[in-house]
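Values in this text are rule-based calculations from the coordinates and carry no lab data. No experiment lies behind these values; they were computed from the predicted model shown. Don't worry about glycine lacking a Cβ; one is built from the backbone with ideal geometry, like all the others, and counts go over all protein chains shown.
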Amino acid sequence: MPSDPYGYWRPRPETAADIPAVRRIHLAAFEAAEEADLVDALRRDPPAWLPGLSYVADAPDGTPAAHALLTRCYVGEVPAVALAPCAVLPGHQKSGAGSAVIRALPAAARAAGERTALVLGHPSYYPRFGFVPAASRYGIQPPQPWPDDAFLALSLDDSIPPRGTVRYAAAFGID
Ligand SMILES: CC(C)(COP(=O)(O)OP(=O)(O)OC[C@H]1O[C@@H](n2cnc3c(N)ncnc32)[C@H](O)[C@@H]1OP(=O)(O)O)[C@@H](O)C(=O)NCCC(=O)NCCS
């Protein structure tokens, strides 16, 4: 096993040159184009898009195999970041690429001064990165009645996050 915390994968911020590859990753990982379109819509939305917080993980040959990003959301009136969507090329899934980007993003967000990250995701996957149930643990309510074990929060600075209801960027279409 590699001793590097990211294994063989090299997480890094996306560049303009990565945009087509990022789209291909989402189109391949999901059954529909919804997530690929969502990423493009978020990229066109300056209040939502957080430069430097959209990450790819390169395979050893230098091609991006995974992508995930954090965009602006709010807990009540307090800024936070939402992790979504995350995708890995099918041929590279379950080999640590997703973990590499998902581990790298909170570190980058912390460095950028962000304090709270949220994710709606697989209950068996995200807790390994430190995410805990947002509503029952912190009083952070989802914008819709999502299951407690699927709507998760991560304090990036070890402070107790703000309480309130989460508002996602408009591109998510969540009211
Ligand atoms: C979910 C996803 C991002 C995980 O990335 P990955 O690189 O495949 O996963 P990793 O190699 O980092 O981690 C492997 C672990 O993730 C788990 N995992 C992978 N896909 C999963 C899924 N859909 N649901 C739950 N757990 C999953 C594996 O079972 C494995 O668990 P283990 O370590 O206990 O054996 C990736 O598989 C993917 O793109 N899936 C399709 C799109 C998707 O569902 N995206 C997430 C919603 S935004």
| HN-Hα J in Hz across segment 90-103 - Karplus 6.51, -1.76, 1.60, θ = phi - 60°, x for Gly and Pro | x, x, 10, 5, 6, 10, x, 5, x, 4, 4, 6, 6, 6
| query | Within the chain, what is the longest stretch that has no trypsin sites (Lys or Arg not before Pro) placed in a DSSP loop and near at most 16 other beta-carbon atoms within 10 Å? | reply | 95-162
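Can you give the Kirkwood hydrodynamic radius of segment 115-175 from its Cα pairs, in Å with one decimal?
Taking every pair of different Cα atoms in segment 115-175, averaging 1/r and inverting gives 11.7 Å.
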| Mind listing the phi-derived Karplus ³J(HN,Hα) values for segment 60-73, rounded to whole Hz, using 6.51, -1.76 and 1.60 with θ = phi - 60°, and x for any glycine or proline? | x, 7, x, 8, x, 10, 9, 8, 8, 8, 10, 10, 5, 9
| query | For segment 161-175, what does the Karplus curve 6.51 cos²θ - 1.76 cosθ + 1.60, with θ = phi - 60°, yield as ³J(HN,Hα) per residue in whole Hz, taken in order and with x for Gly and Pro? | reply | x, x, 8, x, 9, 8, 10, 8, 4, 4, 4, 6, x, 10, 10
| query | Given springs between every Cα pair under 10 Å in a Gaussian network model of the chain, which of Glu35, Glu114, Glu77 has the largest fluctuation? | reply | Glu77
| query | Using every alpha carbon pair in segment 9-88, what percent of pairs falls into each 10 Å bin from 0 up to the bin containing the largest distance? | reply | 19, 52, 24, 4, 0
| said: Given contacts defined as C-alpha pairs under 8 Å and at least six residues apart, what's the relative contact order of the chain, whole-number percent? | reply: 22 percent
| message | To make sure I understand, if each residue's beta carbon is the centre and we count other beta carbons within 10 Å, what order do Leu156, Leu27, Leu89 fall in, fewest to most? | response | Leu27, Leu89, Leu156
| said: Out of all Cα-Cα pairs in the chain, roughly what percent, to the nearest whole number, are more than 19 Å apart? | reply: 54 percent
